[in-house]
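Some notes on the structure that comes next.
Derivation of every value follows stated rules applied to the coordinates shown; laboratory data play no part. Please read these numbers as outputs of a predicted model, since none were measured by experiment. Reconstructed Cβ throughout: ideal geometry from the backbone, glycine too, with neighbour counts over all protein chains shown.
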Amino acid sequence: MRIAAALTAVALSGALAGAGLAGTAHAAPSGEAGILACSTQKISSKVARGWCSAGTDWRVGVKCTDGRHYYSGWVADARYQHAICGSGTITHYWIDR
């Protein structure tokens, strides 16, 4: 009987955690980027924007046809950041974490 009760408690706590109802939050260890949700988008031939959830430093980067890389500033909060080519147009864009 005790084993069944323990298994039920484990299953219930797993279900609550999966549903986002558990009260415990876990921070990722240093260097682990698994919990940071990010997205990027090219919004013109010279500008890319990105967004990440809060908690870890991140920035938007672009590589341009002038061969250089340009970046937004580092932030750790959830907001849009933009990176702009100094000259030329965007060939690649990404989020640095």
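Could you work out the relative contact order of segment 38-96? I mean the mean sequence separation of Cα pairs under 8 Å and 6+ apart, divided by the number of residues, in percent. RCO, segment 38-96: 40 percent. Highest-first packing order for the peptide set 77-89, 41-53 is 41-53, 77-89, based on the mean count of other beta carbon atoms within 10 Å.
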